[in-house]
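Only one structure is covered here, and it is reproduced in the block below.
The values are calculated or read from the model by the stated rules, or taken from the named source; none is laboratory data. Note that this is a predicted model, so its numbers are computed, not measured. Cβ placement follows ideal geometry from the backbone for every residue including glycine, while neighbour counts extend to all protein chains displayed.
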Amino acid sequence: MSVNPQKTDQLTTIQDVKDAVQDFIDARDWQPFHDPKNVAMAMASEVGELLDLFRWVRSDEAFDVLRDPDDRLAVQDELADITMFLVDFANICDIDIAQAVQRKMQINNDRYPVEKAKGTAKKYTEFEVDAQD
């Protein structure tokens, strides 16, 4: 399998990615090993591997990791692993990612109105409650 330069974020749908991941799994008969629990655990493991690339890096130096070509490639590979498990999980659970993201963004929009959330890292439960709320 070679890298296709036409497969960019601008030209590839989420369904294209879901289909490619499913085709990869199907070709290897890995379906028996891919259930929600195992894939969620695999995804969490890959997130841990991504985090490891930033371990002991100060927050103000985190972007420096991405400036090193080898480190950037390692970050890219871990992100790809996470994404592949994420879309595999969506396939297994029959979740439409775009709909799920839209729904959650609306919830987040309600929880984090611009006038209360702009410029702060507070959780929505920490916002002051107005008399009108």
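The single residue among R67, R103, R28 that is surrounded by 10 or more Cβ atoms within 10 Å (Cβ to Cβ), farther than 20 Å from D9 by Cβ, among the basic types (K, R) and free of Cβ contacts under 8 Å to residues at least 24 places away in the same chain turns out to be R103. Filter region 42-64 for residues that are surrounded by 10 or more Cβ atoms within 10 Å (Cβ to Cβ) and charged (D, E, K, R); which is nearest to the chain's Cα centre (by Cα)? The qualifying residue nearest to the chain's Cα centre (by Cα) is E46. Take the conditions under 24 Å from I25 (Cα atoms), among the acidic types (D, E) and either surrounded by 14 or more Cβ atoms within 10 Å (Cβ to Cβ) or not assigned by TED's automatic domain parsing to the domain that holds F54 (or both) and apply them to D88. Does it pass? Considered against the rule, which asks whether it is under 24 Å from I25 (Cα atoms), among the acidic types (D, E) and either surrounded by 14 or more Cβ atoms within 10 Å (Cβ to Cβ) or not assigned by TED's automatic domain parsing to the domain that holds F54 (or both), D88 comes out as yes. On the stretch given as region 88-112, residues that are within 21 Å of E46 (Cβ to Cβ) and not charged (D, E, K, R) total 9.
I'd like to know if region 59-82 contains one or more residues that are in a loop (DSSP other than H, G, I, E, B) and charged (D, E, K, R). Outline the logic, then answer.
If we filter region 59-82 for residues that are in a loop (DSSP other than H, G, I, E, B), which is where we start, we get 68.
Still in the running and charged (D, E, K, R): 68.
Yes, some residue in region 59-82 is in a loop (DSSP other than H, G, I, E, B) and charged (D, E, K, R).
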